[in-house]
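**Q** Got a structure for you, written out below as structure tokens; questions coming shortly.
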Amino acid sequence: RQYNIIMMNSPRLLISRQSHRLFLRSPPSSSSVTLSAPPRSTAHRIVTRPSSSSSSNNSSAAAFSSAQPTAAGTAILLTAAALLFTATTNDAKNNEASLCSVAPRLGAEPTMLSPATEPKTGILFPRLCNGMTFVGCGVRVKYGFVKVYAVGTYMDPLAMSVTKDQSKPQLQKALLDPNYPRTIRIVMNRNLSIEKYTAAIIEALEPRMKGQDLESLEEFKKLNPPVDLIQGAEMEMTVRGDTLLYKNAVGGIGQIRSGVFTSALCDVFYGAEAVSPGHLEDVLKGVKKL
């Protein structure tokens, strides 16, 4: 594209933004001066190119290149340089903006950063949590109709890179293994006392622990301060092998070291009798998309 600048009693200035070259055209009797914008790593140069129309034009070109520039000519050249600088700067800004708008890539597929919505509660789950990627969510229903909380799972894509292409039973077996890192994010859909919340979690964990390491259940109680949960309160359980990193509703962080506890916790959410079957099904589908 070219932009024409017409000035009274002055040459015409043509700027080619695509090739980054500027042409200063004088009336027919004079020569043509080209301003060249080389790569940004080198300085700009002014190149004088005589016209080949006649010998008198050649003389005019030589005189133009060697003569001291007039004030009007200098003003035109400065205007041209400023316009070129503005055009290249805007191009750089536009390129930077377009790069920032592109979602980061995970392998060959773009990762969309818009949050996922749990359909039955409308609760949103971000696509990333604790460095892991969202794979699915569901709702915990009590008494057949009370939607207590929404739960979402985040997995480590590298850890699941081989397992994700296996059959559904093999995938579920991997989900039951706490050595596959994941974060379980719970978001309350209603107000609930902290006693009822911890009692419900312990009630689900205890029979799965089969009498082993039951003192870890008391540790879990202590990780939750005596503050009732309100709608929208969030808890995060990050499982890495025999370690649980727990973030409570007020932002406090604690840790439990027990392989029995983390295995039981995985069975609560991914076992044959998962507390949220819809969550488990969504996770099994989402893992394959990692």
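**Q** What accessible area, in Å² to the nearest ten, does a 1.4 Å probe give for THR183?
**A** 0
**Q** Enter the Cα centre distance for the pair segment 182-227 and segment 232-290, rounded to the nearest angstrom.
**A** 11
**Q** Stretch ALA272-GLN255 to full length: gain in nm at 0.36 nm per residue minus the Cα-Cα span?
**A** Length difference between fully extended and current span is 3.4 nm.
**Q** Where Lys and Arg each count +1 and Asp and Glu each count -1, what net charge lies around PHE220 among other residues with Cβ under 15 Å from its Cβ?
**A** -3
**Q** Applying the Karplus parametrisation 6.51 cos²θ - 1.76 cosθ + 1.60 with θ = phi - 60° to the phi angles of segment 193-199, what ³J(HN,Hα) value in whole Hz is obtained for each residue in order, glycine and proline being reported as x?
**A** 5, 5, 5, 5, 5, 5, 5
**Q** Also: Grab the other residues whose beta carbon is less than 12 angstrom from that of LYS147, score K and R as +1, D and E as -1, and report the net.
**A** Local net charge: +3.
**Q** Considering only protein heavy atoms, with the full assembly of protein chains and a 1.4 angstrom probe, order ILE230, ILE186 by accessible area, largest first.
**A** On the way: ILE230 105, ILE186 0 Å².
Ranked list, largest accessible area first: ILE230, ILE186.
**Q** Using only alpha carbon pairs under 8 Å that are at least six residues apart, calculate the relative contact order of segment 177-270 and give it in whole percent.
**A** 38
**Q** Residue-wise, which Karplus ³J(HN,Hα) couplings in Hz belong to segment 118-135, taking 6.51 cos²θ - 1.76 cosθ + 1.60, θ = phi - 60°, and x for glycine or proline?
**A** 6, x, 7, 10, x, 6, 8, 10, x, 6, 10, 8, 6, x, 10, 9, 4, 10
The values are calculated or read from the model by the stated rules, or taken from the named source; none is laboratory data. This is a predicted model, so every value here is computed, not measured. Reconstructed Cβ throughout: ideal geometry from the backbone, glycine too, with neighbour counts over all protein chains shown. Accessible surface is based on the protein model in full, side chains and every heavy atom, while ligands, DNA and RNA are left aside. Shrake-Rupley method; radii C 1.70, N 1.55, O 1.52, S 1.80 Å.
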